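Below is one structure, written out as C-alpha cells; comments come after it.
None of the figures in this text is laboratory data; all of them are computed from the coordinates on show. Note that the coordinates shown come from a computational prediction; the quantities given were computed from them, not determined experimentally. In this analysis, Cβ positions are derived from the backbone assuming ideal geometry, glycine residues included, and neighbour counts consider all displayed protein chains.
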Number of protein chains: 2
Amino acid sequence: MRILILGGDGYLGWPTAMHLSKHGHDVAVADNYLKRRLAEEERVPALYPVPELEEKARLWESVSGFKVKVFTGDLQEWDVMTTVFREFDPEAVVHYAEQPSAPYSMLNRKAATLTLHNNLGVTFNLIQAARQFNPEVHIVKLGTMGEYGTPEIDIEEGWIDIEHKGRRDRFLYPRQAGSLYHTTKIMDTDLLWFYVRIWDLQVTDLMQGPVYGMYTCENESLEDLLPFFCYDEIFGTVLNRFVVQAVAGYPLTVYGKGGQTRGYLNIKDTLNCVRLSLEHPPGKGKLRIFNQFTETFSVNDLAAKVSEAAGSLGLNVEIQTINNPRKEKEEHYYNPEHTGLLDLGLQPHYLTDDILLGMLEFVKKHEKSIRKDIIFKGISWT
Amino acid sequence: MRILILGGDGYLGWPTAMHLSKHGHDVAVADNYLKRRLAEEERVPALYPVPELEEKARLWESVSGFKVKVFTGDLQEWDVMTTVFREFDPEAVVHYAEQPSAPYSMLNRKAATLTLHNNLGVTFNLIQAARQFNPEVHIVKLGTMGEYGTPEIDIEEGWIDIEHKGRRDRFLYPRQAGSLYHTTKIMDTDLLWFYVRIWDLQVTDLMQGPVYGMYTCENESLEDLLPFFCYDEIFGTVLNRFVVQAVAGYPLTVYGKGGQTRGYLNIKDTLNCVRLSLEHPPGKGKLRIFNQFTETFSVNDLAAKVSEAAGSLGLNVEIQTINNPRKEKEEHYYNPEHTGLLDLGLQPHYLTDDILLGMLEFVKKHEKSIRKDIIFKGISWT
C-alpha cells in the first residue's frame with residue numbers, strides 16, 4: 001500500500017515510517033520541522049539530537065534496503081499538500097501533522113493561535129486533497145483520549161447510544177477536553193465527521209493516550225534512528241519525563257493530588273495500532289473510532305512504578321507533590337472502553353518492570369545531557 | 001451598557017445596533033464588509049442597496065439622536081480586535097462576524113477555506129481579547145439550530161443529561177451539522193466551552209433558526225436603514241427567498257420531499273432575544289445556551305403559507321419540487337425545546353398571514369429589481 005505520513009519527523013511519525021516500510025508498504029513522509037522549531041524557540045532540547053528526514057531516510061535505506069520518500073514543506077499551504085498528493089498518490093494517509101503539546105497550546109496567545117491554525121489548517125487541507133485527488137483514500141487521523149475528558153460515565157469507543165424521553169439515537173460520544181491542543185482534536189473530529197457524511201470519505205480516528213518508550217522493532221540497535229526523547233514540561237509525555245527525572249535525581253513532580261488517570265501505551269503498540277488500522281480499512285463513508293491505549297494509570301501509579309524500578313537500580317527517587325498548574329480533576333471516575341484494536345489483533349506491550357528498567361538504563365547513558373532547568377517551568381493554564 | 005457588535009453591517013448586525021441603542025445602550029459596531037464582498041464576487045446582489053456603516057450611523061443619529069460608533073476592519077487581525085477593545089472597552093459583545101451562508105461554505109475549496117478561517121479566527125481572537133482586556137465581558141455568540149442537525153431524539157436547550165450503564169453526567173447536547181458553515185458554529189461552541197471552563201469567561205450561545213422579515217421597531221419608516229434583503233440561493237434565507245419568488249412569478253423551489261423542518265423566527269424576535277440575553281447575563285464561568293426560534297415549519301409548510309398569502313393578493317404561485325442539491329434528511333423527527341428565552345420575557349411575533357402580506361407588499365415595491373437568474377443555481381453539496 002502507498003502510505004503517506006504527515007508529520008513524519010515526529011516522535012511517532014518516523015518510527016511509523018520505518019515500521020510500515022518494514023511491513024512491505026511503500027512509504028512517504030512529509031514534515032516542515034515545526035516541532036523542532038518550537039522546541040528551539042522555547043529552548044527545550046530533546047535528550048539527544050535526531051537527524052533530519054533526508055538523513056534518517058538514507059540511514060534507514062542503508063540498513064533495511066527500503067526507500068522512504070521525503071517531502072519538506074508546510075501542509076497548511078495548499079500547494080504543498082497538492083504536490084505531495086500529485087507526486088506520491090497515496091492510498092492511505094496517516095495524519096500526525098499537528099502541534100502536539102497541550103502545555104504549548106496554553107503558553108500564550110501566539111502559541112494558542114499557532115496551534116489552532118496549524119492543526120485545523122492541515123486537517124482541512126487533507127480533507128480537501130482527499131476530495132480532489134482520491135476520495136477513496138483512507139485517512140488515519142491521530143486523535144486523543146483527551147477529547148473525552150474525564151466524564152462521570154463510562155467512555156465508549158467514539159460513539160454512544162442515547163435513550164432520551166422514550167426515543168433513541170446514536171451520536172459521537174460527548175467531548176470536553178482539558179487544553180486547547182485537545183480541543184483542536186475535537187474540532188478535527190467535527191470536520192472529519194462532517195465530510196465523511198457529506199462526501200463519503202473513509203476515516204479512522206485514533207483516540208490515543210500518552211505514549212512512552214523509544215525502542216521499536218525497527219530501531220533497537222540503531223541509535224541514529226531513535227525518535228525524539230523529550231522530557232521537558234512542554235513536549236515530554238509524563239512517563240518519559242519521570243524516567244529522566246529519576247535518573248537526574250530530580251524529584252518526580254506530581255501535579256496536585258495525582259489521581260489524574262489516563263490510558264497509556266508503549267510506542268511499539270502505537271505502531272501496531274496504526275498499521276492494523278491501515279491494513280483493515282473501515283470502508284467508504286465511515287468514520288471509525290478506536291480508543292488507542294492498553295492500560296490506565298494515575299499519575300501517582302506512574303510515580304510509584306518509576307520510583308520502585310529506579311530503586312532497584314540503586315537510584316534514590318523522591319516524589320514531590322506540587323501545585324497543579326493545569327485546571328483538571330485530580331480525583332475522578334475513569335472507565336474507558338478499548339476493545340476495537342484488540343479485536344483487530346493488537347498484542348499489547350504492558351508497562352512491566354523490565355520495560356521501565358530498559359528505559360531507565362537507556363536514559364542513564366544520556367545522563368550528562370539532561371538539563372534539569374527545562375523539566376518544570378510551571379506554565380499556568382488559567 | 002457598552003455593547004460592541006461584531007459583524008455590525010449584516011442582516012442582523014445593523015438592526016441589532018439600532019435596537020440596542022434605542023433601548024439605552026451605548027453601541028459600537030465593527031465590520032470589514034466581507035459579506036458585501038462575497039455577494040459581489042458571486043454576483044448575487046440584495047434586493048435593494050444598503051448604505052455602508054458610517055452613513056447608516058449618520059442617518060440613525062439624525063432620526064434618533066443616538067450615536068453608534070463605527071470600526072472598520074478585519075477582526076481576524078489581532079491588531080484590529082485590540083484596537084476595538086482598547087477604544088470602546090465593551091461590557092458585552094454580540095458576535096455576528098461570521099461568513100453566514102451554508103451554501104457558500106459548500107461552493108468550492110476556496111469558499112470553504114475562507115469560511116473555516118474567518119469564522120474560527122474571529123471567535124478565537126474575541127476569546128483572547130476577552131481574556132486580555134476584560135475577562136468579565138459577556139460574549140453573546142450567534143450559533144445556529146443547525147448545530148444539532150436532525151436527531152431522532154428531542155433536542156434540548158444546549159445540554160443533555162445522559163444516563164449510561166447506571167451512572168449519569170451532563171454534557172453539551174451532541175452536535176452534527178449539515179454544512180461546513182454549521183460545522184464551524186459547532187467548532188465555535190467547542191472553543192467557547194473550553195475557555196469558559198478554563199478561564200471562567202461568560203458566554204451566551206444562541207442557537208438560532210432561520211430568520212425572516214425586514215421590519216423592526218426601529219426601521220419601519222426609514223427605508224435607508226432597512227437590512228440587506230437577500231433572495232439568492234447563497235445568502236437568502238428560505239422564507240425571504242420564497243416571498244421574492246412569489247412576487248417574481250418564479251415557482252417556489254422545494255428541495256426534495258420538502259419535509260425538512262426547522263425552527264424559524266421573525267427578525268424582531270432576534271433583536272429581542274439578543275437584548276434579553278444581554279440584559280440578563282449568565283454570570284462568570286457559565287456557558288448559557290438558548291434555542292432561539294419561535295415556531296417550527298417544514299419547507300412544504302412555508303411554501304403553502306407563502307402561496308396562500310400571495311393568492312390573496314392575486315398572485316398565482318406555483319410550487320415546484322426539484323432535486324435536492326444538499327445532502328439532508330427530507331422527512332425526519334424534529335422536536336426542539338425552546339423555553340429559555342420565553343422565560344426571560346420574549347413575546348414572540350408569529351408568522352401570521354398579516355406578516356406574510358406585509359412582506360409580499362414590501363417586496364412588490366422592489367419587483368423591478370428582482371434578478372430571477374440568481375434565485376437558484378443548484379450549488380451541489382456533495
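Would you work out if segment B:24-127 is rounded, prolate or oblate? Take a ≥ b ≥ c from the square roots of the eigenvalues of the alpha-carbon gyration tensor; rounded if a/c is under 1.5, else prolate when a/b is larger than b/c, oblate otherwise.
Values: a/c = 2.61, a/b = 1.30, b/c = 2.00.
Oblate.
Work out Dmax and Rg for chain A from the C-alpha atoms and quote the Rg first, both in angstrom.
Rg and Dmax of chain A, Cα atoms, are 20.0, 64 Å.
Report, by chain and number, residues whose modeled amide H sits under 5 Å from the one on A:ILE5, excluding near sequence neighbours (fewer than 5 apart, same chain).
Close amide H contacts, sequence-distant or interchain: A:ALA28, A:VAL29, A:ALA30, A:VAL94.
What value does segment B:220-285 have for Rg/Rh, both radii from Cα atoms and Rh as Kirkwood defines it?
Numbers: Rg = 16.5 Å, Rh = 15.0 Å.
Reported Rg/Rh, Kirkwood definition of Rh: 1.10.
Note down the nm distance, to one decimal, between modelled labels 7 Å out along Cα→Cβ at A:GLU136 and at B:LYS365.
Reported label-point gap for A:GLU136 and B:LYS365 is 5.9 nm.
Rule-of-thumb check for segment B:184-223: C-alpha Rg over 2.2 N^0.38 Å? Mind dumping the intermediate values first?
Details: Rg = 16.3 Å, N = 40, 2.2 N^0.38 = 8.9 Å.
Normalised by 2.2 N^0.38 Å, the Cα Rg of segment B:184-223 equals 1.83.
Taking chain A as a Gaussian network, where each spring joins two C-alpha atoms under 10 Å apart, which residue of A:PHE171, A:PHE362, A:PHE235 fluctuates the most?
Top of the fluctuation ranking is A:PHE171.
List the longest stretch of chain A that has no exposed loop site; here a site is one of the trypsin sites (Lys or Arg not before Pro) assigned by DSSP to anything other than H, G, I, E or B, with at most 12 other Cβ within 10 Å. Show your work: numbers first, answer last.
Working: sites that count: A:ARG43, A:LYS165.
Longest site-free region, per DSSP loop and neighbour criteria: A:166-382.
Report relative contact order for chain B in percent, whole number only (criteria: Cα-Cα under 8 Å, sequence separation at least 6).
That works out to 20 percent.
Compute and list, largest first, the equivalent-ellipsoid semi-axes of segment A:271-362 from the alpha carbon gyration tensor, each √(5λ) rounded to a whole angstrom. Show your work: numbers first, answer last.
On the way: eigenvalues 217, 79, 20 Å².
Result for segment A:271-362: semi-axes of 33, 20, 10 Å.
Just want to confirm a number: the relative contact order over segment A:32-147, from Cα pairs under 8 angstrom separated by 6+ residues, in percent.
Relative contact order of segment A:32-147: 28 percent.
Within segment A:240-271, find all residues whose amide N lies under 20 Å from a label point positioned 7 Å from the Cα of A:GLU223 along Cα-to-beta-carbon.
Within reach of a label on A:GLU223, which here means backbone N under 20 Å from a point 7 Å along Cα→Cβ, segment A:240-271 contributes A:244, A:247-248.
With labels modelled as points extended 7 Å from the Cα through the Cβ direction, what inter-label distance (nm, one decimal) is found for A:ASP354 paired with B:LEU114?
Taking the two extended label points, one gets 6.1 nm.
Starting from the Cα of A:ARG37, step 7 Å toward the Cβ, then list every residue of segment A:61-82 with an amide N under 18 Å from that point.
A:71-82
For chain A, what does the helix formula give at 222 nm: sum of -39500 (n - 2.57) over DSSP H segments with n ≥ 4, over the residue count, nearest 500 deg cm²/dmol? If you can, show how the numbers build up before the last one.
Details: 12 runs with 145 residues, N = 382.
The helix-only estimate for chain A comes to -12000 deg cm²/dmol at 222 nm.
Using only Cα atoms, locate the centre of segment B:276-339 and the centre of segment A:43-92, then give the distance between them in Å, rounded to an integer.
50 Å
Please report, in whole Å³, the volume per residue of the convex hull around the C-alpha atoms of the protein assembly as shown. Don't jump to the answer; show the numbers that get you there.
Details: hull volume 111.9 nm³, N = 764.
Enclosed volume per residue, from the Cα hull, is 146 Å³.
What FRET efficiency do you get for B:ARG58 and B:ASN335 if R0 is 45 Å and r is their Cβ-Cβ distance, rounded to the nearest 0.05? Display every interim value, and only then the final one.
Details: r = 46 Å, r/R0 = 1.03.
The value I calculate is 0.45.
Just to check, using Stokes-Einstein with a Kirkwood Rh over alpha carbon pairs, what's the diffusion coefficient of segment A:172-331 at 25 °C and 0.890 mPa s in µm²/s?
Working: Rh = 17.9 Å.
It comes out at roughly 137 µm²/s.
For segment B:102-148, take the convex hull of the Cα atoms, compute a quarter of its surface area, and give me that in nm², please.
Values: hull surface 16.1 nm².
Here the figure is 4.0 nm², rounded to one decimal.
Which order do A:CYS217, B:CYS273, B:CYS230 fall in if you start with the one that has the fewest other Cβ atoms within 10 Å?
On the way: A:CYS217 13, B:CYS273 26, B:CYS230 23.
If I rank by nearby Cβ atoms, fewest first, I get A:CYS217, B:CYS230, B:CYS273.
How high is the relative contact order of segment A:81-238, in percent, counting Cα pairs under 8 Å that sit 6 or more residues apart?
So the answer I get is 28 percent.
For chain A, set up a GNM with springs between Cα atoms under 10 Å and report which of A:GLY166, A:GLY283, A:GLY314 has the largest fluctuation.
A:GLY166
Could you work out how much longer the chain between A:GLU152 and A:THR296 gets when fully extended? Use 0.36 nm per residue separation minus the Cα distance between them, nm to one decimal. Don't skip to the answer; put the middle values down first.
Numbers: separation 144, 0.36 × 144 = 51.84 nm, distance 1.61 nm.
Gain on stretching A:GLU152 to A:THR296: 50.2 nm.
Which chain B residue sits with its beta carbon nearest the axis carrying B onto A, and how many Å away is it, rounded to a whole number?
Smallest Cβ distance to the axis, with its residue: B:MET187, 2.
For every other residue with a beta carbon closer than 11 angstrom to the beta carbon of A:LYS284, add +1 if it is Lys or Arg and -1 if Asp or Glu, then tell me the sum. It would help to have the intermediate numbers written out before the result.
On the way: positive: A:LYS286; negative: A:GLU136, A:ASP200.
That sum, taken over residues with Cβ under 11 Å, equals -1.
For the pairs A:LYS329/B:LYS284; B:LYS305/B:LYS365; A:LYS22/A:LYS305; A:LYS141/A:LYS372; A:LYS284/B:LYS329; A:LYS305/B:LYS165, flag any whose C-alpha to C-alpha distance is greater than 25 Å. Please report the intermediate quantities before stating the final value.
Numbers: A:LYS329/B:LYS284 20 Å; B:LYS305/B:LYS365 21 Å; A:LYS22/A:LYS305 33 Å; A:LYS141/A:LYS372 34 Å; A:LYS284/B:LYS329 20 Å; A:LYS305/B:LYS165 32 Å.
Among A:LYS329/B:LYS284; B:LYS305/B:LYS365; A:LYS22/A:LYS305; A:LYS141/A:LYS372; A:LYS284/B:LYS329; A:LYS305/B:LYS165, the Cα-Cα distance tops 25 Å for A:LYS22/A:LYS305; A:LYS141/A:LYS372; A:LYS305/B:LYS165.
May I ask you to give the average projected area over all directions of the convex hull of the Cα atoms of segment B:18-58, in nm² rounded to one decimal?
Working: hull surface 14.4 nm².
Computing the convex hull of the Cα atoms and averaging its projections yields 3.6 nm².
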